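The values are calculated or read from the model by the stated rules, or taken from the named source; none is laboratory data. It should be emphasised that the depicted structure is a prediction, and the values quoted were computed from it without experimental measurement. Cβ placement follows ideal geometry from the backbone for every residue including glycine, while neighbour counts extend to all protein chains displayed.
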Amino acid sequence: MICDTVAAVSTPRGKGGIAVIRISGDESAAVLRRCFRPAGKAPWDAPRLACYGTVVRGEEEIDTGLCTFFRSPASYTGEDSAEISCHGGTAVTAAVLEAVFAAGAVPAEAGEFTRRAFINGKLSLTEAEAVGRLIDADTDSRRRLANSAAGGRLKSAAEDICASLRGVLAALYAAIDYPDEDIGDEGEREIEGVLCAAGEKLKALLSTYRTGSAVADGVVTAIAGAPNSGKSSLYNLLCRSDRAIVTDVAGTTRDTLWETVDAGGVTLRIADTAGIRDTQDRVESAGISRALQVMESAELVIAVFDGSRPLSQEDRELAKHLRDAPAAKICVINKSDLPLCVKETDTGDFFDEYVIMSAATGEGADRLYGAVSRIYNSDGISLEKDAVLWDARHKATAEKALELIDASLKGLRRGDPLDAVCTLAESALAEMGMLDGRGVTEDIVSEIFARFCVGK
Ligand code: GDP
């Protein structure tokens with residue numbers, strides 16, 4: 001049980017028009033009575049109504065603002081809670097928070113409001129995780145993925161599979177408890193059908209992980225190519241800014257720049273690597289060895305070739321180097337705004353995708369986004385409409401549950417005793433429950449909420 005009434009500033013640190021201080025716990029109304037002097041209606045008498053008044057600490061008037069009180073269970077955390085909107089200066093916000101502490105609240109920990117919402121059953125664990133991801137989302141794909149999961153899509157899909165497993169268990173319990181009433185072949189086939197369907201649904205859910213993690217974690221991407229092929233121009237096009245220095249002096253890019261970008265509905269963690277070529281320049285050499293390192297660890301390599309001139313020795317070396325690399329590979333034949341003398345097939349037949357485009361004009365950029373999307377979302381998963389797994393925890397849990405469903409199915413088909421089949425199906429259900437937080441250990445819950453910011 002959670003006893004303390006906690007408070008924190010929920011808006012970011014720094015100067016702003018308004019700051020919001022959030023309070024949650026049984027004593028929320030009592031805390032407010034001590035630190036908020038209403039001008040008209042008292043917030044604790046008028047839940048969900050923004051009430052104007054003065055924040056006070058003892059006799060001192062700290063600030064004026066609006067206070068909204070939420071009565072349990074109709075609140076984000078499920079507890080009595082309140083939000084005070086005050087002026088957003090750093091000193092004002094700190095003084096209002098101090099007044100709330102002086103009135104009896106204690107500081108909230110990172111993610112404590114959402115953790116309370118989870119503990120009080122207002123949110124499932126995947127919904128709570130999605131809230132954290134929504135706040136962290138820095139690309140539109142990440143926002144769409146998190147918003148859909150926060151709205152309960154993944155929870156519903158998991159619940160659907162759990163409901164099938166519960167149906168299987170009910171039938172198995174009946175067969176075990178009343179052995180005289182033989183369920184017969186037909187009964188066993190029915191159980192087998194439901195188990196099979198649950199396994200198929202889980203497989204379909206697991207197949208979304210490649211896309212989900214490509215959006216949530218991002219795909220480590222290297223842009224590789226000979227000097228002057230247009231790597232920095234492509235990097236800038238993807239970042240929609242002039243982050244890398246673009247010049248026609250070979251060897252301008254000496255360090256590896258990283259950026260997170262949305263491309264084809266996938267998040268690319270993209271490195272603009274120094275041109276791969278032999279060089280005597282020590283600083284540039286360091287850049288090139290870093291570029292090779294990035295290429296080694298990249299999950300996706302976008303290899304850029306200058307299509308306006310015949311392939312050089314360096315281009316051929318790069319293609320040779322990439323041939324056996326485990327990463328996904330896209331071949332970009334760049335400078336399509338100029339007469340082209342390089343064909344797709346000239347660069348080798350081992351690329352997953354070939355794109356002819358101009359990094360300078362942006363012509364053909366959609367083809368590049370399409371190529372990324374075909375590699376990472378070949379099933380055309382909709383981040384808004386489909387349930388998507390995005391976290392390694394989800395994947396591990398779903399895989400374990402699938403293993404158990406498969407094992408119980410095999411047992412049933414082999415004619416194993418029904419109680420052995422039942423134990424495996426029970427374990428599968430318990431594993432599925434963990435996806436949404438039932439039965440997860442305190443450590444896992446703490447680890448998840450420690451990633452949150454204070455005030456959420
Ligand atoms: P990097 O050395 O591979 O990073 O190449 P840069 O992006 O610095 O480009 C080298 C030169 O090629 C610069 O003068 C760019 O303006 C030019 N360039 C890059 N992409 C294109 C393109 O699509 N069309 C044309 N015409 N020029 C390009």
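Here are the numbers:
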quantity	calculated
Selection from region 11-46 of residues that are in a loop (DSSP other than H, G, I, E, B) and buried (at least 17 other Cβ atoms within 10 Å of the Cβ)	11, 25, 27, 42
From the options 160, 138, 177, residue that is in the same structural domain as residue 406 (by TED's automatic domain parsing) and within 30 Å of residue 295 (Cα to Cα)	138
Positions within region 32-49 being under 24 Å from residue 4 (Cα atoms), without any contact (Cβ under 8 Å) to a residue 60 or more places away in the chain and among the hydrophobic types (A, V, I, L, M, F, W, C), in sequence order	36, 42, 44, 46
Which numbered condition residue 106 fails, given (1) in contact (Cβ under 8 Å) with a residue 24 or more places away in the chain; (2) surrounded by 18 or more Cβ atoms within 10 Å (Cβ to Cβ); (3) not charged (D, E, K, R)	(2)
Total residues in region 312-355, condition of a type in the set (A, V, I, L, M, F, W, C) and in a loop (DSSP other than H, G, I, E, B)	8
Residue satisfying all of: in region 334-354; within 23 Å of residue 378 (Cα to Cα) and touching an Asp or Glu at 6+ places or on another chain (Cβ under 9 Å); nearest to the ligand (Cβ to nearest atom) among these	354
Residue in region 110-119 that is without any contact (Cβ under 8 Å) to a residue 60 or more places away in the chain, out of contact with any Cys (no Cβ under 7 Å at 6 or more places or on another chain) and loosely packed, with under 15 Cβ neighbours inside 10 Å present	no
Residues of region 101-112 satisfying the condition of being modelled with pLDDT of 95 or more and touching a Lys or Arg at 6+ places or on another chain (Cβ under 7 Å)	102, 103, 104
The listed residue being closer than 20 Å to residue 454 by Cα, part of a strand (DSSP E or B) and touching a Lys or Arg at 6+ places or on another chain (Cβ under 8 Å), out of 98, 83, 79	83
Per-region count, region 17-50, residues of a type outside the set (S, T, N, Q) and under 28 Å from the mean Cα position of the chain (by Cα)	5
Residue match in region 230-240 (condition: of a type outside the set (Gly, Ala, Ser), modelled with pLDDT under 90 and either more than 11 Å from the ligand (Cβ to nearest atom) or in contact with a helix residue (DSSP H, G or I) (Cβ under 7 Å, 6 or more places away or on another chain) (or both))	yes
Residue check, residue 373 among the small types (Gly, Ala, Ser) and in contact (Cβ under 8 Å) with a residue 60 or more places away in the chain	yes
Single condition residue 214 does not satisfy, out of (1) away from the ligand (no atom under 14 Å from the Cβ); (2) modelled with pLDDT of 90 or more; (3) outside any helix (DSSP H, G or I)	(3)
Some residue of region 290-300 being at pLDDT 90 or above, under 30 Å from residue 382 (Cα atoms), in a strand (DSSP E or B) and more than 15 Å from the ligand (Cβ to nearest atom)	yes
Flag if residue 164 is of a type outside the set (Lys, Arg), in contact with a Gly (Cβ under 6 Å, 6 or more places away or on another chain) and crowded, with 17+ Cβ neighbours inside 10 Å	no
Residue check for residue 358: at pLDDT 95 or above, in a helix (DSSP H, G or I) and more than 20 Å from the chain's Cα centre (by Cα)	no
Test result for residue 445, of a type in the set (A, V, I, L, M, F, W, C) and crowded, with 18+ Cβ neighbours inside 10 Å	no
Filter result for residue 171 (within 16 Å of residue 409 (Cα to Cα), touching a helix residue (DSSP H, G or I) at 6+ places or on another chain (Cβ under 7 Å) and surrounded by fewer than 17 Cβ atoms within 10 Å (Cβ to Cβ))	no
Sole exception among (1) part of a loop (DSSP other than H, G, I, E, B); (2) at pLDDT 90 or above; (3) polar (S, T, N, Q); (4) in contact with a helix residue (DSSP H, G or I) (Cβ under 7 Å, 6 or more places away or on another chain) for residue 279, by number	(2)
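Residue by residue, here is whether (1) in the same structural domain as residue 333 (by TED's automatic domain parsing); (2) crowded, with 21+ Cβ neighbours inside 10 Å; (3) more than 16 Å from the ligand (Cβ to nearest atom) holds:
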position	(1), (2), (3)
357	yes, yes, no
360	yes, no, no
367	yes, no, no
400	no, no, yes
404	no, yes, yes
408	no, yes, yes
411	no, no, yes
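Residue-by-condition table, conditions (1) among the hydroxyl-bearing types (Ser, Thr, Tyr); (2) closer than 20 Å to residue 172 by Cβ; (3) not in a helix (DSSP H, G or I):
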site: 416; (1), (2), (3): no, yes, yes
site: 422; (1), (2), (3): no, yes, no
site: 426; (1), (2), (3): no, yes, no
site: 431; (1), (2), (3): no, yes, no
site: 434; (1), (2), (3): no, no, no
site: 440; (1), (2), (3): no, no, yes
site: 445; (1), (2), (3): no, no, no
site: 449; (1), (2), (3): no, no, no
site: 456; (1), (2), (3): no, no, yes
